[in-house]
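Where a number appears in this text, it was derived from the coordinates with a stated rule and is not lab data. It should be emphasised that the depicted structure is a prediction, and the values quoted were computed from it without experimental measurement. Every residue, glycine among them, receives a Cβ derived from its backbone with ideal geometry; neighbour counts consider all protein chains shown.
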Amino acid sequence: MQTIRVALGERSYPIHIGAGLIGQASLYAPHLRAGKVAVVTNEVVAPLYLGAVRGALAAAGARSMEIVVPDGEAAKSWETLDRVFDALLAARCGRDSVLVALGGGVVGDLAGFAAAVYQRGVPFIQVPTTLLALVDSSVGGKTAINHARGKNMIGAFHQPLAVIADVATLESLPERELRAGLAEVIKHGFVLDARFVDWLEANMEALLARERAALAHAVRRSCELKADVVAADEREAGLRALLNFGHTFAHAIETGLGYGTWLHGEAVAAGMVMAADLSARAGLLAGGDAQRVSALIARAGLPVRGPQLSPERYLELMAIDKKAARGRTRFVLLEAIGRATLRGDVDDRAVRETILACGPQATASAAQ
């Protein structure tokens with residue numbers, strides 16, 4: 001096991017990375033209180049890992065209950081959130097309770113937001129079970145549910161007590177989910193670490209083959225990069241916004257198609273290709289580097305073209321993006337592999353040209 005620390009003063013917390021961690025009582029025990037522990041998970045993850053977590057909590061002396069929600073992006077809704085609140089209130093969970101988010105990014109975002117607002121805030125622990133959650137969504141305290149007009153529009157910053165990142169859970173991950181998670185791994189390299197991109201190019205086949213050493217390195221390096229950014233800019237005032245490379249296009253794709261039609265990582269992959277193309281059109285990125293972005297994403301088996309959405313629909317949806325300022329959509333663009341910038345001066349015509357050049361792709365199945 002290796003441990004990385006997210007340095008946020010009194011809100012600092014560990015990210016434990018290794019295999020076989022999910023059932024280790026010693027990793028939960030320091031963060032439990034006298035009150036109840038509520039494990040929030042979904043219908044897919046519960047049969048696989050809920051028993052191990054339940055056993056670990058019992059060994060740590062905790063009284064636990066479980067809340068099982070539906071699987072999929074559509075579960076990040078007011079309706080599902082209310083189900084979580086109903087269960088917590090029915091069990092008389094107080095402010096001394098702790099929530100445990102057991103699952104992928106949807107469960108982590110949902111349970112984290114529930115913890116942020118239930119009785120004005122209770123602590124929670126992240127136990128991610130997908131690659132996307134291990135390397136990205138479980139780290140940094142972003143929690144949210146979706147709105148019909150935009151993804152992750154209703155949420156809060158609420159840091160976990162700890163992240164227990166068990167890479168052994170990736171052995172049960174469907175192939176499509178594994179590839180989707182690789183999009184966020186690749187993103188960290190493009191934005192922050194050119195040497196990591198070199199490593200990914202040399203090890204993509206090992207990652208797709210689920211070689212544990214390769215996956216453990218990818219998870220660790222992604223968490224190191226994100227932890228440093230979060231420590232420097234917890235609430236996304238500047239530097240942290242760069243981690244949204246590809247996400248302005250991606251969120252438009254997810255909202256425009258309907259949540260869950262494409263996986264988040266699939267949309268991010270196409271969004272990164274579009275952002276790299278836009279970077280080249282803006283004169284920031286060499287054409288060869290834009291092609292390098294597309295090539296690595298294609299090798300991961302991810303989409304390099306967007307879906308059938310018109311430029312007008314993209315622009316409409318992107319105008320709601322959380323990075324927008326003073327009525328302008330701002331884009332994370334690349335200046336080089338491993339170096340990004342946030343720009344609000346991109347001409348709409350260049351954006352339209354990128355959308356037309358990078359689309360369409362009619363179905364998510366073509367991306368698998």
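The charge dipole of the chain, taken about its Cα centre with unit charges on the Cβ atoms of Lys, Arg (+1), Asp and Glu (-1) only, comes to about 680 debye.
Rounded to two decimals, the Cα radius of gyration of region 138-273 over 2.2 N^0.38 Å is 1.05.
One decimal place: the segment E201-D82 gains 38.5 nm when fully extended, by the rule 0.36 nm per residue minus the C-alpha distance. With the charge dipole of region 175-367 set up from +1 on Lys and Arg Cβ and -1 on Asp and Glu Cβ about the Cα centre, the Cα lying farthest toward the positive end among the listed residues H188, Q291, A214 is that of H188.
When the square roots of the Cα gyration tensor eigenvalues are ordered a ≥ b ≥ c, the ratio a/c for region 2-172 is under 1.5, which makes its shape rounded. Once both labels are positioned 7 Å from their Cα atoms along Cα-to-Cβ, the gap between T261 and A286 label points is 3.8 nm.
Modelled this way, with points 7 Å down the Cα-to-C-beta line, the labels at F157 and E316 are 3.3 nm from one another. Taken about its Cα centre, region 175-367 carries a charge dipole of roughly 100 debye when the Cβ of each Lys and Arg holds +1 and the Cβ of each Asp and Glu holds -1. Taking the Kirkwood radius as Rh and the Cα radius of gyration as Rg, the chain has a ratio of Rg/Rh equal to 0.96. With 0.36 nm allotted per residue and the present C-alpha distance subtracted, the A237-E353 stretch has 38.8 nm of extension available. Applying the Karplus relation 6.51 cos²θ - 1.76 cosθ + 1.60 with θ = phi - 60° to region 63-73 yields 3J(HN,Hα) values of 8, 10, 9, 10, 10, 9, 10, x, 7, x, 4 Hz, where x marks Gly and Pro.
Packing, taken as the mean count of other beta carbons within 10 Å per residue, orders the peptides 328-334, 185-191 from highest to lowest as 185-191, 328-334. With respect to the chain, whose longest principal axis is taken over its alpha-carbon atoms, helix 287-299 is tilted by about 40°.
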